[in-house]
Structures are given as structure tokens and as C-alpha cells.
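The values are calculated or read from the model by the stated rules, or taken from the named source; none is laboratory data. Quick caveat, the model's predicted, so the values are computed rather than measured. Because the Cβ atoms are built from the backbone with ideal geometry, glycine has one as well, and the counts that use them run over all protein chains shown. Just the protein is used for accessible areas: all its heavy atoms, side chains included, with ligands, DNA and RNA removed. Shrake-Rupley method; radii C 1.70, N 1.55, O 1.52, S 1.80 Å.
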Amino acid sequence: MTSIPRLRKLTGLFDFDYSDDNIFSLRQQMKLPVSLISRRFPSTEHSSSADRARSPGSSLSDGGEPPTKRRRVSSSSLSDADEEEEDEEEDKPLAAQVPQKQPPDMPTRKLNQRVGKKTSMNGHLLDAKVKVEEKMDESQLTRLATGVTVDAGPASIAHPPAKTEKAAFVELRKGIIQVTAVENDGTPRSLIILTGLKTLFRTQLPMMPREYIARLVYDSNSKALAIIKRGYKVVGGICYRPFPHRGFAEIVFFATASVDQVKGYGGMLMDHFKAHIRKTYANVMYFLTYADNFAVIFFKKQGFSKDITLPRSTWAGYIKDYEGGTIMQCKMLLKVDYLDKANILAQQRQAVIAKIREQSKSHIVYKGLDHFQLGAPEGMIVDPRDIPGLRESGWTPGMATFSRSTPQSAEHNFMHRLLGDLKAQPNAWPFLNPVNGEEVVDYYEVIKRPMDLSTMEHKLNTNQYPNLKTFLDDAQLVFENCRHYNPDGSIYVKQAAKLEKFMKELVADYQKRVA
């Protein structure tokens, strides 16, 4: 009985009365361009969030592209994901780092005006005027010489905005995360944090055996530094073994949670680790670690290098060698406060900008050439010495001769390609560099005309090969020296035979093509 009144109410929702004017107006709107229809109806960009939430198709029709999938972080968890945002900002010139102010006008209308498209006003199409930039005054030119952008309008920015602080330091300042030192002292708090570190390392370093991770994390000789949030939840950590009597510390494990790497947890944790070591172990000045291929770039950004200056006798036998890893070293600087690194870098940057401002002459604007003015006769030759400002930039007439590079012949280009293909072969490893006379004492007593691929590359770059024959003679000399010094059947003679066969095939193919 109650369904009949409800049905009547639903039927009433579909009772519409359209007039002829409404139908005619709808047809006219369907004929208009999309840009004009958007003028008549409110844009979704200016609608409230509540209106968009009530729209059943808001999840698909709202503006913007679908979110892109983030690349899964490598197993080492030491990728440079937490530094990519900072590097991209640093790679931009200073002029590109200053945001441009947008007027309160509609974005679509502003874009159309700048590109010269037609806009509508009161239903009529009008040609939009292109904005003409005003001339810059002397102060703006001075700032432009330093690499800082200026607005041509009167409302120019006095100073570039400060760089936004990374999320890791914001969370640390607000107390959302904490950096704490921990070791296996038997207390419940330490055991909880160490267990969290073990779980994090096992997740981010799946190639490491679980038993090996647990043994090192819970070892009483191992120390750790952990990033915890919301109690004792571990989101990052570093496990290390200090050797104060040897003056160095070994970084055993270093990892941060995958979802938090983009916040800069890795760089922040490394800075706190250096400050903690300086405060706890005054004699420790070096760090050593074995980094996999995914972590090398991260450690380089943190001050690590592949050049090991610490004597091998100091650390050999104290740290474990890892197959497939690259040993890297970091030396701490006494004058650097690693917890205040951002301010130190900002001061250095300001000092560089001030020095550029003193010596730069790029703010001086010279008069243009008359050859390119309207009404100038055609076919006029421009003498470089008559170009205003060219001599002031340090140009000399002799530079014109050096700037003209002689084109290389097809044969010379083939020698470059051939040498690159030879070096890229897996059989070329014995012949890439000259033989070390300290390791092979009698080599240069037996071989009177030594030759290798790096020496051939130097001769090729310095134009010491007049033709392909001289190049092939040196290549053949490499193989003959190998067969003369090494016994038949050795690994070196076998590699030489394979590389020689490969070279002859490429040369034969080239000679067929040019014949």
C-alpha cells in the first residue's frame, strides 16, 4: 500500500516542461566552440570540493592526469630517491627556481591572451592583445647578471624565495620522528627498536640472509642509529661497528622504508650519524662500507668515494668482504657541522652569488648591430671586431681559427667505431690498458714494442693514424705481443684470438661497403 505514493513521487521527478526558447538556446550552445561554452558555465576548477564530492563521476572526470606508478625501490634501499627532488631543484638555474605570480584572473583566459587566441566577451569574438613587457631598470639588470630572475613589470620580487625545507627535517622539528641511538643492552626498549631494525633490513635487503642480519643487529659489538615515529615504529636505521683504536667505523646496514625515501630520510640519517660518531668517538674520522650498484650514487652524494685513502693495513681483517659490492670511504671534515649543513650550503651559495655580482659584466647591454635593423641593405658582411661587447667578453681574433673544426673522413670515423667495438667486447679485458711492469717484471724485456687499446685511443684522438692501415698495424701488434709473451693455450692467447677474429670480420664488412 505504501509503494503507490512513493511511485507517484518518483514519477513527478520526471515531469519537465521545456519551452521553445530553452530548446533553441540549448541548440545554439551545442554549436558554439568548447572554449566559449566553458565561459558560460562555471568551471570545475572553481567549484567547491563538496560539489565535486557529490558528483558521481568526479573520480573520472576531474581534471588532471591519473597518478603515475612510482618505480619500486631497489633491494638495497640505498637508492638516491630521497635526493632526486633536491638534485632536480639544484640542476635548474636560479632563474627557473623563482615561481611566477599568477593574476587572480581565470587561468584559461590568461593562457589564451598570452598565446594570441581569440576570447569571447558578451557573446562576441575579440582578438586578444599580446602583453608587451616593459623595459627593465638598472637594479633589475644587476640582479639578472647574478642569475636571479626578475619580473619585467613594476611588481618585481626583491629577493628569491627561500628553498622549501625537506619533509624529513620538518617532521623532525615537529617531533613526528626521532633519531635515537640504540645498542643491545638488554633493556626492553632497545630490544624493541633492534627488532624493528632487523625487520626493516630484512625487508629492504632481501638478498641478505635473515640469520646474518639478526646476528649482526643483536651483536653486542654492533651499534645502531634508528629513526622512530609514533612510539617505537622504525622507519629508517643504520647499523655500524666502531673501531676507535683503528680510527674508523664500518657501516654494516643502512636502509629506510620505501614509502619514506622521497622525504629525505636517508640524507638526514647520515648527517645525524656523522654528528653522533664525532660526539661519541673522537678518534673516528673515517667510514667504510660495501655498497651495491644501487647504493653507490647515494653514498657519493653523502661524501663517500671509491678512492680508499685509508691504509689497507688499518682496516684489512676488521671488516667483512662482500662479493659484488664496491668498497667506499668517507672522511669527516672537522670544520663542518653536519646538523647545520643546510645553512652552511646557503651561506656558500650567497658568497658565490656575491662574487659573481662583483665580476660579472653580463648586465651591460650594448647597442645592437645596424645590419639587422629595418631598412638595412642586404648582403652586408659583419666583422666580428665590430660587434659591440665581443672584445669585452674576452674574445680575440685567434679564437675564430680554433673554433673551426676540420671534418673527419669516413675512414677516420670507422676507426673510432671499430676501436669502441673492440673495447666493448668481453674478450678485450687483457688489452684495455698497458701491462703493469711491477706485476709482470720481465714483460718489457721481452716485448720491445708494447701496444694496448688505450694507447691506440690516444693516438687516434691526436690524429696519429693517417689511414686505416696504420691503425690495423697497431691492433695486430697487440695480438702478436700477446702470443709472443704468453704460452699457447693460455687464457690470454685465447682471448686475443677471439678479439682478432671479431676485428677482421668488422674490417672485411667495411671494405665491402666502401668498395
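So, with a 1.4 angstrom probe, what is the percent of accessible area on the stretch 333-465 that is carbon and sulfur?
The computed percentage sits at 55.
So for M380, M328, what's the accessible-area order with a 1.4 Å probe, most first?
From most exposed to least exposed: M380, M328.
Using packing as a proxy for protection, rank 427-437, 481-491, 280-290 so that the peptide with the highest average count of other Cβ atoms within 10 Å comes first.
280-290, 427-437, 481-491
How much accessible area per residue does the stretch 320-372 have, counting only protein heavy atoms and a probe of 1.4 Å, in square angstrom?
80
List, in the order given, every pair from K223/K274; K229/K301; K274/K335; K174/K263 whose Cα-Cα distance in the structure shown is over 19 Å. Intermediate values should be presented prior to the final figure.
Working: K223/K274 13 Å; K229/K301 26 Å; K274/K335 13 Å; K174/K263 15 Å.
Violating the 19 Å limit, Cα to Cα: K229/K301.
Once the Cα gyration tensor of the stretch 231-386 is diagonalised, what are the square roots of 5 times its eigenvalues, in whole Å and ordered largest first, as equivalent ellipsoid semi-axes? Write out the running numbers ahead of the final one.
Numbers: eigenvalues 515, 74, 68 Å².
So the equivalent ellipsoid measures 51, 19, 19 Å along its semi-axes.
May I ask you to derive the relative contact order of the stretch 409-515, considering only C-alpha pairs under 8 Å and at least 6 residues apart, and to give it as an integer percent?
Relative contact order comes out at 30 percent.
Which whole-Hz couplings ³J(HN,Hα) result when phi for each residue of the stretch 450-464 is put into the Karplus expression 6.51 cos²θ - 1.76 cosθ + 1.60, θ = phi - 60°, listed in order with x for Gly and Pro?
These are the phi-based 3J(HN,Hα) values: x, 7, 8, 6, 5, 5, 5, 5, 5, 5, 5, 5, 9, 6, 8 Hz.
Report K367's accessible area, 1.4 Å probe, all protein chains in place, as a number in Å² to the nearest 10.
150
Cα centroid distance between the stretch 443-466 and the stretch 200-227, in Å?
First find each Cα centre; the distance between them is then 50 Å.
Determine, for the stretch 355-484, the count of lysine pairs separated by eight or more sequence positions (or lying on different chains) whose alpha-carbon distance falls under 30 Å.
Values: K355/K367; K423/K448; K423/K459; K423/K469; K448/K459; K448/K469; K459/K469.
Counting lysine pairs in the stretch 355-484 gives 7.
Rounded to a whole number, what % of the accessible area of the stretch 186-277 do carbon and sulfur atoms account for, probe 1.4 Å?
Accessible surface attributable to carbon and sulfur in the stretch 186-277 totals 58 percent.
With every protein chain kept in the model, how would you rank T396, T164, T470 by accessible area, 1.4 Å probe, largest at the top?
T164, T396, T470
Would you check the accessible area of D386, probe 1.4 Å, heavy atoms only, in square angstrom rounded to 10?
100
For L216, L339, write out the residues from largest to smallest accessible area, computed with a 1.4 angstrom probe and no ligands counted.
L339, L216
Counting other Cβ atoms within 10 Å, which GluC sites (Glu not before Pro) in the stretch 403-496 have at most 16 and lie in a DSSP loop?
Loop-located and lightly packed - E438, E439.
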